[in-house]
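Below is one structure; the comments refer to it alone.
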Amino acid sequence: LDLTQVMALSGSLPEVTLQALEVLLPALPHSWMVLWFREGPLLRPLVSCGEQPEAIAQWQRRGVPLTDAFAQRLLAGAAVQLNPPDLPERLRNEGLHGALLMPVRAGETLMVLGAYRREPLAWSPVERDLLSVAARVVQVSLERRDTLAELRSAAVTDSLTGLGNRRAFEADLRAALARGPVTLVTLDVDGLKQVNDT
């Protein structure tokens, strides 16, 4: 419930997502969380929450290539669960003991909700279910944001020309008047309806 309320907040996606991760983190002991987003050929962290080993944080900041085997599974819509024995010894030595990754798709947007372990503990079914539900909440929130943005754009755009409509004009005029003196020029173009119709 807390997560749903946080994701309904207005604000930038990173701000709202960080608040959502802060709500989730106490339910996943000895963990940190990252929301990844697709940027070109990489998955990069959008926000992270919780204490993480510096070597792992540096590795995460560089991004993960989409050609990575786990990234490929996430692109295909599958969750990835890594317990301590599944991780290379090098990563365990740097402080990463587990990963639980859930794909989040909203239209063409791909994100990944990830939880990572600092201690050698296996993920429980309850933790996996929690992260799965959290990923769905984030997905619905992203879809809602996209829909609202499309509706806001449609409300001020002429569908035929793609130009601003009368609402956009009035809003721009109010903003211009608030800044100071304005000169407004109107034109009447003969035959414009025929041009529009064709």
Go through the range 112-135 and give me each residue that's touching a helix residue (DSSP H, G or I) at 6+ places or on another chain (Cβ under 8 Å) and aromatic (Phe, Trp, Tyr).
-> TYR116
Which condition breaks for ARG167 when tested against (1) open to solvent by less than 50 Å² (accessible area, probe 1.4 Å); (2) in contact (Cβ under 8 Å) with a residue 12 or more places away in the chain?
-> (1)
Note down all Cβ pairs under 6 Å where the first residue falls in the range 74-88 and is more than 17 Å from ALA106 (Cβ to Cβ), the second is open to solvent by less than 70 Å² (accessible area, probe 1.4 Å) and part of a loop (DSSP other than H, G, I, E, B), and they're at least six residues apart or on different chains.
-> GLN81/TRP123; ASN83/ALA122; PRO84/HIS97
Name every residue in the range 35-67 that is more than 18 Å from HIS97 (Cα to Cα), loosely packed, with under 14 Cβ neighbours inside 10 Å and not basic (Lys, Arg), in order of residue number.
-> GLU39, GLY40, PRO41, PRO65, THR67
Output for the range 83-112, where each listed residue is surrounded by fewer than 19 Cβ atoms within 10 Å (Cβ to Cβ) and under 23 Å from the mean Cα position of the chain (by Cα) | ARG105, ALA106, GLY107, GLU108, THR109, LEU110
Would you be able to tell me the number of residues in the range 170-196 that are small (Gly, Ala, Ser) and either touching a strand residue (DSSP E or B) at 6+ places or on another chain (Cβ under 7 Å) or at pLDDT below 90 (or both)?
-> 1
Please determine, by comparing only the residues of the range 113-139 that are assigned to a helix (DSSP H, G or I) and of a type in the set (D, E, K, R), which one is most open to solvent (accessible area, probe 1.4 Å).
-> ARG136
Would you mind listing the strands (runs of 3 or more DSSP E) fully within the range 1-106 where at least 1 residues are of a type in the set (Lys, Arg)?
-> 31-39, 42-49, 98-106
Being surrounded by 14 or more Cβ atoms within 10 Å (Cβ to Cβ) and within 22 Å of LEU1 (Cβ to Cβ) is the filter here, so list the residues in the range 145-164 that pass it.
-> ARG145
Right, LEU142: touching a Ser or Thr at 6+ places or on another chain (Cβ under 9 Å), open to solvent by less than 90 Å² (accessible area, probe 1.4 Å) and either part of a helix (DSSP H, G or I) or among the hydroxyl-bearing types (Ser, Thr, Tyr) (or both) or not?
-> yes
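The values are calculated or read from the model by the stated rules, or taken from the named source; none is laboratory data. Values in this document were obtained by computation on a predicted structure and should not be read as measured data. Here the Cβ is made from the backbone with ideal geometry for all residues, glycine too, and neighbour counts use every protein chain on show. Areas reflect the complete protein model, heavy atoms only, side chains present, ligands, DNA and RNA absent. Shrake-Rupley method; radii C 1.70, N 1.55, O 1.52, S 1.80 Å.
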